[in-house]
1. Quick one: in segment 102-123, which of the residues that are open to solvent by 70 Å² or more (accessible area, probe 1.4 Å) and assigned to a loop (DSSP other than H, G, I, E, B) is nearest to D83 (Cα to Cα)?
2. Name the pairs whose Cβ atoms lie under 7 Å apart, with the first residue in segment 19-46 and in contact (Cβ under 8 Å) with a residue 40 or more places away in the chain, the second open to solvent by 70 Å² or more (accessible area, probe 1.4 Å) and not in a loop (DSSP other than H, G, I, E, B), and 6 or more positions between them or separate chains?
3. Filter segment 87-101 down to the residues that are outside any loop (DSSP other than H, G, I, E, B) and not aliphatic (A, V, I, L, M), then identify the one that is farthest from the chain's Cα centre (by Cα).
4. Select, from A135, A141, A84, the only residue that is part of a loop (DSSP other than H, G, I, E, B) and surrounded by 10 or more Cβ atoms within 10 Å (Cβ to Cβ).
5. Look at G137 and say whether it is farther than 15 Å from V34 by Cα and either in contact with a His (Cβ under 7 Å, 6 or more places away or on another chain) or at pLDDT 85 or above (or both).
6. For I75, work out the one condition from (1) in contact with a Gly (Cβ under 7 Å, 6 or more places away or on another chain); (2) closer than 27 Å to K37 by Cα; (3) surrounded by 15 or more Cβ atoms within 10 Å (Cβ to Cβ) it doesn't fulfil.
Amino acid sequence: MSLFGSLFTGVSGLASQSQATAMVANNIANVNTVGFKRSEASFFSLVTSEGRSSQYAPGTVQAHRVQRVDLQGPIQQTSSSTDAGISGNGMFPVKRSTQSGQEFLYTRSGSFSEDSEGLMRNTAGFILYGWPIDASGDLPANQGDLTSLVPVNVAFLGGLTRP
């Protein structure tokens, strides 16, 4: 192994450790951010092969980010009657607008409020979607189909809701 190969292996390890430290710093900086999920570093050794048996090719190390979006955060009581929480698996489906062709996005943050049209929006302005219930209070049979989701509208015929 040449001196350059040794240095390259060492530099790749230092760069990977630097990325892992940056992930920890980001986790600490966002510890009080609602809905934030921590990231973790996963290290991989890359082993190279050399065509000639008389030369050694050094390997490298890489850090890959593992986003922990599946973790349960703390459920906290709020003073807002429109806030919601999810215990266990699941996400809130949201869209940027009610226009057709918008893709669904998913969040675990349940801080919602009513807008001027009666639609439920989160703090980022995305519209909450849900399944409509029938007259007997039952959910539709096609709950696996995302096209059956509708914007959650809490406005009454006479106007917006009041406490």
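The values are calculated or read from the model by the stated rules, or taken from the named source; none is laboratory data. The shown structure was predicted, so the numbers you read here are calculated from the model rather than taken from an experiment. Heads up, the Cβs are rebuilt from the backbone with ideal geometry, glycines too, and the neighbour counts pull from every protein chain shown. With ligands, DNA and RNA removed, areas are computed over all heavy atoms of the protein, side chains included. Shrake-Rupley method; radii C 1.70, N 1.55, O 1.52, S 1.80 Å.
1. Step by step, filter segment 102-123, then rank; the result is T123.
2. Within 7 Å, the pairs are M23/R65; K37/Q67.
3. Filtering segment 87-101 for residues that are outside any loop (DSSP other than H, G, I, E, B) and not aliphatic (A, V, I, L, M), the one farthest from the chain's Cα centre (by Cα) comes out as K95.
4. Just a single option satisfies the conditions, and that option is A84.
5. It is false that G137 is farther than 15 Å from V34 by Cα and either in contact with a His (Cβ under 7 Å, 6 or more places away or on another chain) or at pLDDT 85 or above (or both).
6. It is condition (3) that I75 fails.
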